[in-house]
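Comments concern the structure below.
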Amino acid sequence: MRADPPPNDDKDSSVPDRSAGSPVRSSSLGDTIAGWSDREDEHLPPPDWGRPTGPRRTATVWLFAAFIALMGAGHAWLSDRLTHEAFLAWATIFTAISLQAMPFLVFGVALSAALTAFVPASLWRRVIPRHPAAAVPVAGVAGAVLPGCECASVPIAGSLIRRGVAPAAALTFLLAAPAINPVVLVATAVAFPNRPEMVVARLVASLGAAVVVGWLWARFGRSGWLRPPRAHHDPGASRWTVFRESMQHDLMHAGGFLVVGALAAATLNVMVPRDWIAAVADMPVVSVLVLAALAVLLSICSEADAFVAASLSEFSGTAQLAFLVVGPMVDLKLIALQAGTFGWAFVRRFVPLTLVLTLLFSFAVGGLLL
Amino acid sequence: MNRIAQGIVLVLLGAAALSCTLASDLYLNYVQAAFRPFLAAAGVLLVALGVIAIAVDLRAAGPAAADAAEEPDHSGHGADSHGHGHRAPGVAWLLLLPVVAVFVVSPPALGAYTAAGAATAPPRDSAAALDDLDEDWGDPSEPREMELQEFVMRAWTDQERTLAGRTVRLTGFVVPNPEGEGWYLARLQMACCAADAIVNRVLITDQPEPPKDSWWQVDGTWVEPEGDIQDIRDHRFSVAEMAEVENPPDPYE
């Protein structure tokens, strides 16, 4: 990681008019790292951060140099001193969720940027029916084809809306894709080897909930609730520029919120004792609600949640189903991502609606099939 | 967050992913081994994207464009102006947390602390997934290596009790038993990442308790319980021989 800044370093020196008033003028980044020891009192972020004073670009580079040096020092100093078990377990789970979601986020964002940059808007209008009520089931079934988890589907749905797809259809896709894609269904079949009905129940309940949410949104939703994802590029820009810029934009917006979700999920994972959960396993309705709540809080990736559900074997089939149906559509990580992409006004309405419908479908399908 | 900061954050995040997959085996503490190529590819993509973003930003700040690019930003956090000056919301700074977690904290694999509180429910529905033990077992007195996960599943679900009397070699770490005699040899089983880890464990009562979180390889036999095998809370293991091992490279099963 310390190898990365040199390219900007030589570029830096080629910019003539940045040195005036700069605190760092002629030093190179290498000096920054070497001379770290006398800058230890630097704050992150510094008090003048965000104010347009002088050449901020140089200041930014310096700030990161200090940050990297601080990490190096922190690693050397802290590694033997961090022994608190609960903190380390928390840190492990936070790192695990972040790293596990990262490939999905990066490739989801890349796919969504590719949709924005390379697929003409007219294609969407041809493939997806114009009328939202007809477009919603098409989008739901389309979700069954594309492998990917929650983290990938949010930016993709955003770019679909940008391309003129009816928001209700894009939202159905957002809900359906992580819940019923082939990878998830195979994982469910593996986790419940003797109970193929669990796979069917998951497919039916998830698709049903996603489509009904889409229809309700098409009927009652207002466009003002959804912060319109902007087309964040110059109209004249080349396709690659559009691709790169929208990928960077989505990563910055969704990524930060993904970290928020990972923080919350790791905290709950460590703080909520499993004994409490096991204690309610025998109560019929409460156990379903508890597993649904657990799915929301734990924010496990939809490709892994079946294994966790299978391990909660004290619970009834309906409760396990609720865990599988609610989790991919409503969880902390996803709520944070949606807030970052579509805004809180959207989340405030969409999340409760989805939660209620996923629960209804879990009870109904669980009662019929399990 | 200005554009060069965005670029550097992307590079750092990619570097974190690369350093824990390619430069070390640290990623095994957090995710499945199968994740390695995906994490590495994501890391490469992030670094490339960040480097390009930095380069583009610096070029835009060249002599001619310097003044234009240094436009003051009158937006608060969150909102970003369009075109080249566009900025990321403040929450994007949180992307540095995983970087700090990997480079500074480098948390270890989950161990006894988690195993003591994690779900221990056996997969009782999975009996059909087991092969017949008699095939290729060989000499029944020779210990055979078995994952704790498989051992526990057989102990709980195999109504034929074919495990009885066979010498098995298990590897796991020590978890104290707060509620009584003996200690657990445990192993965490991970489906996707450490957040979904569940514990498999056997109770050992015929050996003195080694230090918590130390790793051991134990040879011994299943203590066949009286009564229904599914009603047992923890299956017992009778140890013939045990030896301390270095932490296995992949701490999870």
Quickly run through segment B:10-38 and pick out the residues that are crowded, with 23+ Cβ neighbours inside 10 Å and facing chain A (nearest Cβ under 8 Å). B:Leu10, B:Val11, B:Leu12, B:Leu13, B:Ala15, B:Ala16, B:Ala17, B:Cys20, B:Tyr27, B:Tyr30, B:Val31
Taking the conditions exactly as written (in a helix (DSSP H, G or I) and at pLDDT 85 or above), does A:Ser112 satisfy them or not? no
Out of (1) in contact with a strand residue (DSSP E or B) (Cβ under 6 Å, 6 or more places away or on another chain); (2) surrounded by fewer than 18 Cβ atoms within 10 Å (Cβ to Cβ), what's the single condition that is false for B:Ala55? (1)
Quick check, is B:Ala42 more than 9 Å from chain A (Cβ to nearest Cβ) and not acidic (Asp, Glu)? no
Of the residues in segment A:182-206, how many are away from chain B (no Cβ under 14 Å) and crowded, with 22+ Cβ neighbours inside 10 Å? 4
Restricting attention to segment A:264-288, the residues that are within 11 Å of another protein chain (Cβ to nearest Cβ), of a type outside the set (Gly, Ala, Ser) and in contact (Cβ under 8 Å) with a residue 24 or more places away in the chain number exactly 5
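List the strands (runs of 3 or more DSSP E) that sit entirely inside segment B:169-253 and contain at least 2 residues that are more than 21 Å from B:Met153 (Cα to Cα). Spell out the reasoning first.
Details: elements: B:183-189, B:198-204, B:215-222, B:237-244.
Once the strands (runs of 3 or more DSSP E) in segment B:169-253 are filtered for at least 2 residues that are more than 21 Å from B:Met153 (Cα to Cα), what remains is B:237-244.
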Filter segment A:60-98 for residues that are farther than 28 Å from A:Ala264 by Cβ and among the aliphatic types (A, V, I, L, M); the one that is nearest to the other protein chains (Cβ to nearest Cβ) is A:Val61
Residue satisfying condition, being at the interface with another protein chain (Cβ under 7 Å from one of its Cβ atoms), farther than 30 Å from B:Pro211 by Cβ and at pLDDT below 50, within set B:Pro72, B:Pro98, B:Pro89: B:Pro72
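Residue by residue, here is whether (1) over 15 Å from the mean Cα position of the chain (by Cα); (2) modelled with pLDDT under 80; (3) farther than 16 Å from B:Thr221 by Cα holds:
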site	(1), (2), (3)
B:Gly111	no, no, yes
B:Asp125	yes, yes, yes
B:Leu133	yes, yes, no
B:Trp137	yes, yes, no
In segment A:246-349, which helices (runs of 4 or more DSSP H) lie fully inside it and hold 2 or more residues that are in contact with a Leu (Cβ under 6 Å, 6 or more places away or on another chain) and modelled with pLDDT under 80? none
Just the residues that are more than 7 Å from chain B (Cβ to nearest Cβ) and either more than 21 Å from A:Pro182 (Cβ to Cβ) or among the basic types (Lys, Arg) (or both), please, taken from segment A:299-321. A:Ser299, A:Phe315, A:Ser316, A:Gly317, A:Thr318, A:Ala319
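The values are calculated or read from the model by the stated rules, or taken from the named source; none is laboratory data. All of these numbers come straight from a predicted model, not from anything done at the bench. Glycine also receives a Cβ, built like all others from the backbone with ideal geometry; neighbour counts cover every protein chain displayed.
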